[in-house]
Amino acid sequence: MRRLDAVLLLLPLLLGATSARAQDMKDASPPPPAELPDVPLPRWRPPARLTTAHLMRVAPEIAHAQKLRQAGLWVSSIGWAALLGGGILWARGAELSTHETLVLSGYDENGRPIYTGRLEGPPPERARIVDAATALFSVGGALAASGFVVFTVGQTRISRWHHQRPDDVLPALSGF
């Protein structure tokens with residue numbers, strides 16, 4: 001109980017001191033702004049135009065290796081697209097070879113029709129589609145593999161260059 005009495009006695013004293021300080025600050029006026037001389041601004045001119053871009057230069061060996069990497073990615077991408085097209089054609093050919101239709105083959109003794117299953121689609125069409133799919137598989141596989149090899153050659157050249165000269169500038173996304 002003694003603590004509560006002490007807090008109740010000190011509370012009015014603290015509130016009175018802060019309110020007196022606030023009244024003192026109300027009476028005080030802020031200092032006047034400083035008088036600065038009026039200085040005219042210099043005449044505006046547009047910035048100078050740069051006619052050439054500032055490019056980060058790399059060694060010619062690195063630039064050639066980077067071009068090899070990019071060419072490898074392009075060739076490999078075309079190969080993978082050809083493989084995808086071959087897969088789509090192969091699936092279409094497989095669908096044609098298994099699609100059966102019911103063909104009227106005659107009637108039974110009660111006069112009801114008898115249907116038998118027959119493969120639909122002319123065999124030459126199926127053969128053309130399967131041949132095209134096989135060609136796309138062959139070409140796409142060769143392109144994807146050769147693009148990967150060309151990319152790897154370019155990356156190997158960049159790696160060797162970087163290990164011999166670790167402080168030189170490398171192209172973006174070079175793996176280092």
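A compact table of results
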quantity	calculated
Residue count for the range 44-97, restricted to those that are assigned to a loop (DSSP other than H, G, I, E, B) and either touching a Phe, Trp or Tyr at 6+ places or on another chain (Cβ under 9 Å) or without any contact (Cβ under 8 Å) to a residue 12 or more places away in the chain (or both)	13
Candidate set: the range 57-106, residues that are of a type in the set (S, T, N, Q) and over 28 Å from the mean Cα position of the chain (by Cα); chosen: the one modelled with the highest pLDDT	SER105
GLU109 vs. criteria over 27 Å from ARG157 (Cα atoms), at pLDDT below 85 and assigned to a loop (DSSP other than H, G, I, E, B)	yes
Neighbours by Cβ (under 7 Å, 6+ apart or cross-chain): first from the range 123-148, farther than 30 Å from LYS67 by Cα; second modelled with pLDDT of 95 or more and of a type outside the set (A, V, I, L, M)	ALA133/GLY86
Top-ranked residue in the range 137-169 [being among the basic types (Lys, Arg) and in a helix (DSSP H, G or I); ranked as surrounded by the fewest Cβ atoms within 10 Å (Cβ to Cβ)]	ARG160
Selection status of VAL130, assigned to a helix (DSSP H, G or I), of a type outside the set (S, T, N, Q) and modelled with pLDDT of 95 or more	no
Near pairs, Cβ below 8 angstrom, 6+ apart or cross-chain, from the range 150-176 (at pLDDT below 70) to any residue that is surrounded by 13 or more Cβ atoms within 10 Å (Cβ to Cβ) and among the small types (Gly, Ala, Ser)	GLY175/SER159; PHE176/SER159
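The values are calculated or read from the model by the stated rules, or taken from the named source; none is laboratory data. These figures come from a predicted structure and were not determined experimentally. With ideal geometry, Cβ positions are generated from the backbone for all residues, glycine too; neighbour counts draw on all protein chains shown.
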